[in-house]
Amino acid sequence: TAWTAAAAVASASSVPVTATAAFSATTVAGSSSQQQQPNQLLSIPDGGKLRHSYCALRHGQSLANVAKIISSDPAVATVEHGLSDFGHQQAREAGRTFAGNFSPRDYRGVAIFSSDFKRARETAEHMADACSEASIPLYMDGVVLQTGLRERNFGELNGGSDDRYQDVWDVDINDPTHNEFGVESVYNVVERTTALVRDIDDELATADGKRWKCVLVAHGDVLQILQTGFRKMDGSLHRTLPHLETATVRELELADRGLCGYHAIE
């Protein structure tokens, strides 16, 4: 399967996001920071609609999952902690199921964008192979790698027990701007992932108006947080959404309106 390197919106080690004029003026009710919303899907022109259709695919079971460790350091995760044997099986099955349900009449083809971490790349390859076997056209003839889809950087917790995720999530719910334990903030993940979706939507614009089905292949935390962007919820609520299991495809539909903290965005 071909890989195409693409420009990243932001790396997982980026500094915490700050409010800019490009973001919605809506502030986070209930957040200690009262920071402006970093969700760039709140300010889409042309009626607030995305041109293309999106779904999330979490990578299959990885060797880091088996070892029960956190692996979000790009220097390690881009070359180590690929899929386990079971993870490869999961990813192949997910790809075949997706391809079998794909409707070529509705879309120009499938555009697969993946984190460059090894476990995501390998999952995306299985998806691309399944689409190719089903004669489904692929954007750029394969997988487009995007560092903007890397896992949330867990800082000093990298390489340690995955039990420590909960320690981070317990802080997230009260402060989505925090960098406790050196982790990347929730709001930074919201900003880089929703900005990436906007960039992809523009990149795939076609003269005939036909849509692409876009598959975003990434990781547990980054996809939980991205879902809040599509639902127009505050990112601090990412763990209130249904957990995305390994090698699971989930449709991402942009809400007409959503929640900012516990208050509706008007």
Subject >> Sole residue being crowded, with 24+ Cβ neighbours inside 10 Å and in contact with a strand residue (DSSP E or B) (Cβ under 6 Å, 6 or more places away or on another chain), chosen from 226, 216, 252, 204 >> reply: 216
Original post:
With respect to residue 93, is the statement that it is out of contact with any strand residue (DSSP E or B) (no Cβ under 8 Å at 6 or more places or on another chain), outside any loop (DSSP other than H, G, I, E, B), of a type outside the set (A, V, I, L, M) and open to solvent by 10 Å² or more (accessible area, probe 1.4 Å) true?
Top reply: yes
Original post:
Which one of 231, 257 is open to solvent by 20 Å² or more (accessible area, probe 1.4 Å), modelled with pLDDT of 95 or more and not hydrophobic (A, V, I, L, M, F, W, C)?
Top reply: 231
**OP:** Name every residue in region 20-41 that is under 19 Å from residue 237 (Cα atoms), of a type in the set (A, V, I, L, M) and at pLDDT below 95, in order of residue number.
**Re:** 28, 29
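Go through region 51-82 and report how many residues are within 18 Å of residue 245 (Cα to Cα) and not hydroxyl-bearing (Ser, Thr, Tyr).
Summing the residues that are within 18 Å of residue 245 (Cα to Cα) and not hydroxyl-bearing (Ser, Thr, Tyr) in region 51-82 gives 17.
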Subject >> Every residue from region 173-201 that is surrounded by fewer than 24 Cβ atoms within 10 Å (Cβ to Cβ) and acidic (Asp, Glu) >> reply: 175, 180, 199, 201
Original post:
From the set of residues in region 76-90 that are without any contact (Cβ under 8 Å) to a residue 40 or more places away in the chain and not β-branched (Val, Ile, Thr), which is least open to solvent (accessible area, probe 1.4 Å)?
Top reply: 84
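Filter region 105-120 for residues that are closer than 15 Å to residue 208 by Cβ and in contact (Cβ under 8 Å) with a residue 24 or more places away in the chain and give the result.
Of region 105-120, the ones closer than 15 Å to residue 208 by Cβ are 105-109.
106, 107, 108, 109 - these are the residues of region 105-120 that are closer than 15 Å to residue 208 by Cβ and in contact (Cβ under 8 Å) with a residue 24 or more places away in the chain.
The values are calculated or read from the model by the stated rules, or taken from the named source; none is laboratory data. Because the structure is predicted, anything quoted here is derived from the model rather than measured. Heads up, the Cβs are rebuilt from the backbone with ideal geometry, glycines too, and the neighbour counts pull from every protein chain shown. All accessible areas refer to the heavy atoms of the entire protein, side chains included, with ligands and DNA or RNA removed. Shrake-Rupley method; radii C 1.70, N 1.55, O 1.52, S 1.80 Å.
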